[in-house]
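Engineer: Got a structure for you, written out below as structure tokens; questions coming shortly.
Nothing in this text is a laboratory measurement; each read-out follows from the coordinates by a stated rule. Everything numeric here is computed off the predicted structure, so don't read it as measured data. Here Cβ is always computed from backbone atoms with ideal geometry, including for glycine, and neighbour counts include all displayed protein chains.
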Amino acid sequence: MDYHVHSLGHAAFRPIPAEIAPFLECARQRGIAEIGLADHDRYAAAFDWRAVRETAATYPEVTVRFGVEVDYRSGGKPAIRALLGTLPRDFATGSVHNIGEWNFDHPDHRDGFDRYDPDELYRIYFGEVAACAASGLFQIIGHLDLIKIWGHRPRGDVVALAGVALRAIAGAGAAVELSTAGLRRPVAETYPSLPLLQEAYRMNIPLTLSSDAHRPEEVGQEIDLAARIARQAGYRTVTGFSHCRSRQVEL
């Protein structure tokens, strides 16, 4: 499975069969049996599920699930709920990319880390992730420890710092994703790290696998490695979704 694929990229691709097909073709070539298309909510007006269905019909080997990745911000729950009510979907992924107005994962804004004590920054970030999960709006919580993207690490125990988020995710019954996208970033590590993944397993938090692909060639990238890491953490199944209902699939 690969449950985090952006067929629109960052508006780099159009929602037409000719530009959707390369994503499904890469999935087919890499043996990905199920793909979750989860474009960013800011592009919701461009979603064209008809075009996706038309394209998916030519790839019977690949099951396509419809999703959306929502950029969660505190106070945004009513607008998010309204948006989700307009979208036919199998799942919704909630992710935190901002601390206030600071888009910390954008390369042009990396200097913002200099304004924070690293432990305090991680506490703030995981507090936002906890609010995202506690909203109850999402089936999946995206890239749990994205705050490490540029290699900034806390001095303290990251598992303890993430505790508030993990408890909220467990309480909401949401899944976390094991994303290989971090392997393509300066941190060079999956999201989440193995210790966080082990804690998620201990807390009975379900798991999805993802590449966070924004280009066709990234679909399914290092998913086999992700599956091995999941097994190392203790997982024996991963979670799929259909009409926002989950099912377990053996690793």
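Engineer: Restricting to the stretch 42-61, count the residues that are closer than 22 Å to Phe138 by Cβ and without any contact (Cβ under 8 Å) to a residue 40 or more places away in the chain.
Structural biologist: 5
Engineer: When you scan the stretch 32-77, how many residues do you find that are of a type outside the set (Lys, Arg) and not in a loop (DSSP other than H, G, I, E, B)?
Structural biologist: 26
Engineer: So, of the residues in the stretch 32-73 that are of a type in the set (Lys, Arg) and under 16 Å from the mean Cα position of the chain (by Cα), which turns out to be farthest from Ile223 (Cα to Cα)?
Structural biologist: Here the residue is Arg73.
Engineer: Out of all the residues in the stretch 95-123, which are of a type in the set (A, V, I, L, M, F, W, C), farther than 18 Å from Arg184 by Cβ and not in a helix (DSSP H, G or I)?
Structural biologist: Correct list: Val96, Ile99, Trp102.
Engineer: Let me ask you something else. Which of the residues spanning the stretch 1-27 are surrounded by 23 or more Cβ atoms within 10 Å (Cβ to Cβ), farther than 20 Å from Thr190 by Cβ and among the small types (Gly, Ala, Ser)?
Structural biologist: Ser7
Engineer: Okay, moving on. Only residues in the stretch 29-41 that are closer than 16 Å to Thr55 by Cβ count as the first member; pair them with residues that are buried (at least 18 other Cβ atoms within 10 Å of the Cβ) and basic (Lys, Arg), Cβ under 8 angstrom, at least 6 apart or cross-chain, and list the lot.
Structural biologist: Qualifying pairs under 8 Å: Glu34/Arg65; Ile35/Arg65; Gly36/Arg65; Leu37/Arg65.
Engineer: Restricting to the stretch 13-31, count the residues that are within 28 Å of Ala227 (Cβ to Cβ), of a type in the set (Gly, Ala, Ser) and either more than 18 Å from the chain's Cα centre (by Cα) or in a loop (DSSP other than H, G, I, E, B) (or both).
Structural biologist: Step one: list which residues in the stretch 13-31 are within 28 Å of Ala227 (Cβ to Cβ), which gives 13, 20-31.
Those left that are additionally of a type in the set (Gly, Ala, Ser): 21, 27, 31.
Narrowing the set further to residues that are either more than 18 Å from the chain's Cα centre (by Cα) or in a loop (DSSP other than H, G, I, E, B) (or both) leaves 21, 31.
Qualifying residue count, the stretch 13-31: 2.
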